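The values are calculated or read from the model by the stated rules, or taken from the named source; none is laboratory data. All values derive from a computational prediction rather than experimental measurement. Note: accessible area is taken over every heavy atom of the protein model, side chains too, but ligands, DNA and RNA are not part of it. Shrake-Rupley method; radii C 1.70, N 1.55, O 1.52, S 1.80 Å.
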Amino acid sequence: MSPRLCHCGSGRPFDHCCRPLLDGEREATSAEELMRSRYSAYAEGRLDYIDRTYHSSQQKHRDSDAVEQAAIRVTWLGLEILATEQGGPGDQQGRVDFIARYTENGVEHAIRERSRFVREQGRWVYLDGEVKALPRRQDKKPGRNDPCPCGSGKKYKKCCA
């Protein structure tokens, strides 16, 4: 049996990628690594890790009940890192721009966020982010002369139209 891949999209096994961060065995070494591990924490339902990695100034502003309810309704599908600014081992702050895809109540959604991370007491934490909901992906209906999506080899108009 091959090892389970990490939710964060790194292509590495979960046990050698984000799990050690979620379990507190080590700290994130960059803003991007913290972003990826927070995504994995949402996918794993590890809200304790989400709480632990918020900046102290944000602790009183977040709605734990809403996050918990969302975690129950949502299935995470994938993470795409678009860009990073600073956030390396020698930096004190950084930004990560990403798209996270998920389903909620059977409907696929995506959000794009530009997150800010800072070091607090020597460790990377999430400060805040600008969130933009992306339009829901609409599957394009085949044209009359397109091949039928059922795989019959016939034109759509002569098959399932």
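If I stretch the segment between Glu130 and Asp51 completely, what's the gain in nm (0.36 nm per residue apart, minus their alpha carbon distance), one decimal?
In short, 26.6 nm is gained.
What list of ³J(HN,Hα) couplings, whole Hz, do you get for segment 12-22 from phi and the Karplus terms 6.51, -1.76, 1.60, once you set θ to phi - 60° and write x for glycine and proline?
Karplus values, whole Hz, x for Gly and Pro: 9, x, 3, 5, 10, 10, 8, 4, x, 6, 4.
Could you tell me the accessible area of Ser2 in Å² (1.4 Å probe, neighbours in place), rounded to the nearest ten?
Approximately 90 Å² of Ser2 is accessible to the 1.4 Å probe.
Each residue of segment 38-52 in order: what ³J(HN,Hα) in whole Hz does its phi give by Karplus 6.51 cos²θ - 1.76 cosθ + 1.60, θ = phi - 60°, with x for Gly and Pro?
With the stated coefficients, segment 38-52 comes to 5, 4, 4, 5, 4, 5, 8, x, 8, 5, 4, 5, 4, 4, 5 Hz.
Under the rule a/c < 1.5 gives rounded, and otherwise a/b versus b/c splits prolate from oblate, where does segment 72-121 land using the Cα gyration tensor?
Because a/c hits 1.5 or more and a/b exceeds b/c, segment 72-121 counts as prolate.
Rounded to a whole number, what % of the accessible area of segment 1-117 do carbon and sulfur atoms account for, probe 1.4 Å?
The C+S portion of the solvent-accessible surface of segment 1-117 is 46 percent.
If amide H atoms are built 1.01 Å from N in the plane of the peptide, which residues on other chains or at least 5 residues away come under 5 Å of the amide H of Leu5?
Phe14
Whole-Hz Karplus ³J(HN,Hα) for segment 104-119, in order, using 6.51 cos²θ - 1.76 cosθ + 1.60 and θ = phi - 60°, x for Gly and Pro?
So the J values, rounded to whole Hz, are 9, 6, x, 10, 7, 9, 8, 10, 10, 9, 10, 8, 10, 10, 9, 8.
Using 0.36 nm per residue of separation minus the Cα-Cα distance, give me the extension gain between Lys157 and Glu68 in nm, one decimal.
27.4 nm
Solvent-accessible area of Asp146, probe 1.4 Å, all protein chains present, reported in Å² to the nearest ten, please.
Rounded to the nearest 10, the figure is 60 Å².
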